Structures are given as C-alpha cells and as structure tokens.
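Novice: Take a look at this one; I'll ask things after.
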C-alpha cells in the first residue's frame with residue numbers, strides 16, 4: 001500500500017480489509033490499529049474496515065513535537081487520511097480517545113461522517129478511570145517478561161473482563177506492549193504521557209458542548225458494563241440529550257469492549273444501516 005504521510009511528515013500505519021460500507025476505526029490513547037483485529041474478523045464480508053494507528057502509536061512515526069499529541073491535531077490527521085484514500089464519507093468507530101477525535105470531526109467536518117460510534121467514551125469521564133490513566137501513561141512497564149506482564153494485566157483488569165482466557169490475555173499483552181525475550185516496552189511514544197500531564201493542568205474543555213454539536217450526526221454508544229471511565233450516569237445523560245442514539249451495554253467488559261461481542265456487533269450493524 002502507498003504510505004500515508006501527515007502534513008508535518010509523519011508516516012502513519014494503516015490497514016484496509018474487506019468490502020462494503022467503510023468503517024473508519026480510531027484506537028484509544030495508547031493503543032494501535034491492532035485493537036480492531038476482532039472487529040475486522042467479525043465484519044469480514046459485511047464492511048470495509050479501515051484502521052489507522054494515530055501519530056506516536058503502534059507502527060506509526062513518533063512526533064518530534066510532543067505537543068502535537070492532541071485531539072485537534074489527530075482529527076486533522078484523520079481528515080487528511082480520508083483525503084489520501086479518496087474517502088468522501090465513512091462511519092467512524094472511536095474507541096476511547098478515538099471517540100474524542102470523532103466528536104471533533106462531527107463538529108468540524110460533519111459532512112465526512114455517515115455516523116459515529118463512541119466505544120466506552122463520553123463527554124464526562126469518571127475520576128477513577130482518569131486517575132488510573134494518568135498514573136500509568138508514559139511510564140515504562142514494571143514487568144520485564146511476558147509472563148509477568150500477563151500476570152500484571154490480569155491482576156489489574158481480570159475482574160472487569162472475567163471471561164477472557166489465558167490465551168486471550170497473552171494475545172492482548174503482546175498487542176498492547178512491545179514484548180521480546182529480553183524486554184517489555186511501551187508500544188507508543190512516552191511523549192504522549194508528557195502531553196497528557198501538561199494538558200491536564202489547563203482549563204477543562206466543555207466536552208458536553210462538543211457532544212451537543214453532534215446533533216445531526218447518526219450516533220451510537222457502547223458502554224462496558226464494568227467500565228471505570230464511562231459511568232452509568234454519564235451514559236444516561238448522553239441518552240437523554242440524544243434520544244435517537246443507539247445504545248448498548250456490553251456485559252463482562254470494562255474499559256473497553258473488544259467489539260466482537262454480540263451487543264457491540266449488533267450496535268455497529270444498526271449504525272451502518274443508517275449510513
């Protein structure tokens with residue numbers, strides 16, 4: 001595939017699979033396009049799954065200026081990526097931070113979106129989830145082996161994802177981190193952590209106002225039933241402000257649903273029907 005290069009010279013990793021209505025998939029804060037492996041398999045033959053690792057993540061280039069790790073710049077990268085592909089319009093799936101990118105796009109370039117699915121993210125975030133993110137983002141993992149990494153992930157997350165097998169935990173560990181025989185490293189630029197901590201010192205933006213600007217964009221929301229980031233109260237308020245929003249809660253999932261669950265796929269298909 002022809003490489004995609006951002007306006008400031010970064011090559012972003014992307015993948016395109018399948019045929020049908022385009023699903024443009026944006027991963028979370030420290031995650032890569034690999035987070036959509038399950039979705040790509042599940043939607044084979046039903047949709048064209050287009051996924052991209054944002055700047056500084058996965059196989060994409062790291063930025064020399066860490067301040068470019070912000071949702072406005074990332075949304076610009078998405079529009080430029082769509083232009084690069086000749087993609088006039090797509091249904092966007094925004095996982096966590098990717099959902100913020102989707103909100104920005106729905107407010108600034110609504111004509112490019114056939115719909116937006118917010119995967120366990122909303123305009124108000126629970127303190128417990130935010131504190132957990134701020135505690136780990138940008139820090140080198142303590143684990144030095146795959147076994148130790150899997151044990152740590154299970155200790156931290158297994159209660160929220162109680163039905164995942166040991167094999168699945170190993171797969172996720174290798175997806176979320178760079179694991180070799182001698183080391184475990186971050187799969188993203190530590191500068192993202194620096195950007196997050198600096199941004200947290202500024203004034204909190206009115207994300208409810210951004211959410212309300214999505215009024216004319218078909219919208220869906222997934223919430224992990226065990227999520228520590230998107231509360232029941234916030235999801236309920238989102239539904240009240242958007243009564244037409246497609247909504248599902250995914251059992252046995254925290255932050256975030258993996259998108260191959262029956263509830264997730266049903267929601268995605270309903271949103272695609274509106275495209």
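The values are calculated or read from the model by the stated rules, or taken from the named source; none is laboratory data. Only a predicted model underlies this, so the values are computations on that prediction, with no experimental measurement involved. Neighbour counts are summed over all protein chains in view; Cβ atoms, including those assigned to glycine, are modelled from backbone coordinates with ideal geometry.
Novice: Could you list all residues from region 251-265 that are assigned to a loop (DSSP other than H, G, I, E, B), in contact (Cβ under 8 Å) with a residue 40 or more places away in the chain, surrounded by fewer than 24 Cβ atoms within 10 Å (Cβ to Cβ) and out of contact with any helix residue (DSSP H, G or I) (no Cβ under 8 Å at 6 or more places or on another chain)?
Specialist: Pass one, region 251-265, residues assigned to a loop (DSSP other than H, G, I, E, B): 251-261.
Cutting the leftovers down to in contact (Cβ under 8 Å) with a residue 40 or more places away in the chain gives us 252-260.
Applying the additional criterion that residues be surrounded by fewer than 24 Cβ atoms within 10 Å (Cβ to Cβ) yields 252, 254, 258, 260.
252 - this is the single residue of region 251-265 that is assigned to a loop (DSSP other than H, G, I, E, B), in contact (Cβ under 8 Å) with a residue 40 or more places away in the chain, surrounded by fewer than 24 Cβ atoms within 10 Å (Cβ to Cβ) and out of contact with any helix residue (DSSP H, G or I) (no Cβ under 8 Å at 6 or more places or on another chain).
Novice: With respect to the numbered conditions (1) modelled with pLDDT under 95; (2) more than 24 Å from residue 43 (Cβ to Cβ); (3) surrounded by 15 or more Cβ atoms within 10 Å (Cβ to Cβ), which one is the sole condition not fulfilled by residue 275?
Specialist: In the conditions (1) modelled with pLDDT under 95; (2) more than 24 Å from residue 43 (Cβ to Cβ); (3) surrounded by 15 or more Cβ atoms within 10 Å (Cβ to Cβ), residue 275 misses (2) alone.
Novice: Report whether or not residue 106 is over 21 Å from residue 172 (Cα atoms), at pLDDT below 95 and either touching a strand residue (DSSP E or B) at 6+ places or on another chain (Cβ under 8 Å) or buried (at least 21 other Cβ atoms within 10 Å of the Cβ) (or both).
Specialist: Details: over 21 Å from residue 172 (Cα atoms): yes; at pLDDT below 95: yes; either touching a strand residue (DSSP E or B) at 6+ places or on another chain (Cβ under 8 Å) or buried (at least 21 other Cβ atoms within 10 Å of the Cβ) (or both): yes.
Yes, satisfied.
Residue by residue, here is whether (1) in contact with a helix residue (DSSP H, G or I) (Cβ under 7 Å, 6 or more places away or on another chain); (2) closer than 20 Å to residue 75 by Cβ holds:
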residue: 199; (1), (2): no, yes
residue: 203; (1), (2): no, yes
residue: 208; (1), (2): no, yes
residue: 212; (1), (2): yes, yes
residue: 216; (1), (2): yes, yes
residue: 220; (1), (2): yes, yes
residue: 233; (1), (2): no, no
residue: 244; (1), (2): no, no
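Novice: When only residues in region 1-20 that are part of a strand (DSSP E or B) and surrounded by fewer than 18 Cβ atoms within 10 Å (Cβ to Cβ) count, which is nearest to the chain's Cα centre (by Cα)? Let's see the steps before the verdict.
Specialist: Of region 1-20, the ones part of a strand (DSSP E or B) are 4-5, 11-12, 14-17.
Those left that are additionally surrounded by fewer than 18 Cβ atoms within 10 Å (Cβ to Cβ): 5, 11, 15-17.
Values: 5: 21, 11: 19, 15: 15, 16: 17, 17: 18 Å.
Per the stated criteria, the residue is 15.
Residue-wise test of (1) without any contact (Cβ under 8 Å) to a residue 40 or more places away in the chain; (2) surrounded by fewer than 20 Cβ atoms within 10 Å (Cβ to Cβ); (3) over 20 Å from residue 252 (Cα atoms).
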site	(1), (2), (3)
115	no, no, yes
142	yes, yes, yes
157	no, yes, no
162	no, yes, no
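Novice: Additional query: Among the residues of region 202-213, are any assigned to a helix (DSSP H, G or I), crowded, with 21+ Cβ neighbours inside 10 Å and free of Cβ contacts under 8 Å to residues at least 60 places away in the same chain? So that I can check it myself, show each step before the final result.
Specialist: Narrowing region 202-213 to residues assigned to a helix (DSSP H, G or I): 207-212.
Those left that are additionally crowded, with 21+ Cβ neighbours inside 10 Å: 211.
Next, only the ones that are free of Cβ contacts under 8 Å to residues at least 60 places away in the same chain stay: none.
No, region 202-213 contains no residue that is assigned to a helix (DSSP H, G or I), crowded, with 21+ Cβ neighbours inside 10 Å and free of Cβ contacts under 8 Å to residues at least 60 places away in the same chain.
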